[in-house]
Amino acid sequence: MLEKRRHKRFGLELLEVTGKLSLADNVEIIDMSFGGVALKVNRRLNIGKEYPLKLEDKRNSVDVKGIVARCRLSVIEEGVSIYTAGVSFEEGSAEKIAAFVRNSIMA
(Lines give C-alpha, C1' and ligand atoms only; values in the text may rest on other atoms or scores of the structure.)
Protein backbone atom coordinates (compact mmCIF):
# COMPACT_ATOMS: atom_id res chain seq x y z
CA MET A 1 0.00 0.00 0.00
CA LEU A 2 1.32 3.44 -0.92
CA GLU A 3 2.06 5.69 2.07
CA LYS A 4 0.43 9.08 1.56
CA ARG A 5 1.60 10.77 4.75
CA ARG A 6 4.08 13.64 4.53
CA HIS A 7 5.49 12.82 7.97
CA LYS A 8 6.10 9.31 9.26
CA ARG A 9 4.07 8.49 12.36
CA PHE A 10 5.87 7.04 15.33
CA GLY A 11 4.42 5.07 18.20
CA LEU A 12 4.79 6.24 21.73
CA GLU A 13 6.17 3.02 23.23
CA LEU A 14 9.41 4.75 24.26
CA LEU A 15 7.81 8.03 25.28
CA GLU A 16 5.25 8.59 28.00
CA VAL A 17 3.45 11.44 26.29
CA THR A 18 0.03 12.63 27.34
CA GLY A 19 -2.17 15.23 25.77
CA LYS A 20 -4.60 17.85 27.03
CA LEU A 21 -7.34 19.72 25.23
CA SER A 22 -9.11 22.55 27.01
CA LEU A 23 -12.56 21.22 26.12
CA ALA A 24 -12.03 17.50 26.77
CA ASP A 25 -11.52 15.60 30.02
CA ASN A 26 -9.92 12.50 28.53
CA VAL A 27 -7.31 12.62 25.76
CA GLU A 28 -5.26 9.58 24.75
CA ILE A 29 -2.53 9.94 22.13
CA ILE A 30 -2.45 6.97 19.76
CA ASP A 31 0.53 8.07 17.70
CA MET A 32 2.05 11.23 16.33
CA SER A 33 4.40 12.67 13.76
CA PHE A 34 6.06 16.02 13.29
CA GLY A 35 2.99 17.03 11.27
CA GLY A 36 0.12 15.79 13.40
CA VAL A 37 -1.34 13.48 16.00
CA ALA A 38 -3.92 10.71 16.16
CA LEU A 39 -5.86 10.64 19.39
CA LYS A 40 -8.87 9.34 21.26
CA VAL A 41 -10.98 11.93 23.00
CA ASN A 42 -14.23 11.91 24.96
CA ARG A 43 -15.80 14.69 22.92
CA ARG A 44 -16.54 15.23 19.25
CA LEU A 45 -14.08 17.62 17.62
CA ASN A 46 -15.29 19.71 14.69
CA ILE A 47 -13.54 18.97 11.41
CA GLY A 48 -11.71 22.04 10.12
CA LYS A 49 -11.66 23.73 13.52
CA GLU A 50 -8.43 24.72 15.25
CA TYR A 51 -7.82 23.51 18.82
CA PRO A 52 -4.98 24.20 21.27
CA LEU A 53 -3.24 21.01 22.40
CA LYS A 54 -0.70 20.54 25.16
CA LEU A 55 1.69 17.59 24.87
CA GLU A 56 3.44 16.57 28.07
CA ASP A 57 5.83 13.98 29.40
CA LYS A 58 7.33 13.69 32.89
CA ARG A 59 9.61 16.75 32.46
CA ASN A 60 8.66 18.63 29.31
CA SER A 61 5.61 20.12 27.65
CA VAL A 62 4.83 21.90 24.43
CA ASP A 63 1.78 23.90 23.40
CA VAL A 64 0.70 23.60 19.78
CA LYS A 65 -2.38 24.31 17.75
CA GLY A 66 -3.87 21.84 15.35
CA ILE A 67 -6.68 21.62 12.85
CA VAL A 68 -8.95 18.58 13.00
CA ALA A 69 -8.71 16.61 9.75
CA ARG A 70 -11.04 13.80 10.78
CA CYS A 71 -13.13 12.79 13.78
CA ARG A 72 -15.48 9.84 14.15
CA LEU A 73 -17.25 7.97 16.90
CA SER A 74 -15.24 4.85 17.63
CA VAL A 75 -16.91 3.32 20.69
CA ILE A 76 -19.22 4.00 23.60
CA GLU A 77 -17.68 2.89 26.91
CA GLU A 78 -19.80 2.93 30.07
CA GLY A 79 -22.16 5.48 28.51
CA VAL A 80 -19.33 7.79 27.35
CA SER A 81 -18.76 8.42 23.64
CA ILE A 82 -15.11 7.99 22.58
CA TYR A 83 -14.01 9.59 19.32
CA THR A 84 -10.92 8.95 17.23
CA ALA A 85 -9.50 12.10 15.66
CA GLY A 86 -6.64 13.10 13.39
CA VAL A 87 -5.22 16.54 14.04
CA SER A 88 -2.72 18.34 11.78
CA PHE A 89 -0.36 20.65 13.63
CA GLU A 90 -0.29 24.25 12.48
CA GLU A 91 2.38 25.29 10.00
CA GLY A 92 5.76 25.76 11.66
CA SER A 93 5.11 23.38 14.59
CA ALA A 94 7.46 20.63 13.34
CA GLU A 95 10.48 22.24 15.01
CA LYS A 96 8.67 22.52 18.35
CA ILE A 97 7.53 18.89 18.15
CA ALA A 98 11.01 17.68 17.16
CA ALA A 99 12.58 19.52 20.12
CA PHE A 100 9.93 18.10 22.47
CA VAL A 101 10.55 14.52 21.23
CA ARG A 102 14.35 14.93 21.50
CA ASN A 103 14.03 16.23 25.06
CA SER A 104 11.63 13.41 25.94
CA ILE A 105 13.98 10.73 24.64
CA MET A 106 16.96 12.21 26.49
CA ALA A 107 15.07 12.62 29.80
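The values are calculated or read from the model by the stated rules, or taken from the named source; none is laboratory data. Since the model is a prediction, treat every value here as computed from it, not as a measurement. Positions of Cβ are generated from backbone atoms using ideal geometry, with glycine treated the same way; all protein chains shown enter the neighbour counts.
Below is a table of values for the structure above.
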{"item": "The stretch 36-55, residues that are farther than 22 Å from Glu91 by Cβ and either aliphatic (A, V, I, L, M) or in contact with a Lys or Arg (Cβ under 7 Å, 6 or more places away or on another chain) (or both)", "result": "Val41"}
{"item": "Residue list for the stretch 61-71, filter: over 14 Å from Gly86 (Cβ atoms) and crowded, with 17+ Cβ neighbours inside 10 Å", "result": "Val62, Val64"}
{"item": "Residue list for the stretch 14-32, filter: touching a residue at least 40 places away in the same chain (Cβ under 8 Å) and under 10 Å from the mean Cα position of the chain (by Cα)", "result": "Val17, Ile30, Met32"}
{"item": "Scan of the stretch 32-45 for residues that are modelled with pLDDT under 90 and closer than 14 Å to Glu56 by Cα, ordered by number", "result": "Met32"}
{"item": "Selection status of Leu53, over 13 Å from the mean Cα position of the chain (by Cα), in a strand (DSSP E or B) and modelled with pLDDT of 90 or more", "result": "no"}
{"item": "Residue within the stretch 78-97 that is assigned to a helix (DSSP H, G or I) and surrounded by 18 or more Cβ atoms within 10 Å (Cβ to Cβ) present", "result": "yes"}
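One line per residue, one yes/no per condition, for (1) over 14 Å from Ser81 (Cα atoms); (2) surrounded by fewer than 17 Cβ atoms within 10 Å (Cβ to Cβ):
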position	(1), (2)
Thr18	yes, yes
Asp25	no, yes
Glu28	no, yes
Ser33	yes, no
Gly36	yes, no
Asn42	no, yes
Asn46	yes, yes
Glu50	yes, yes
Leu53	yes, no
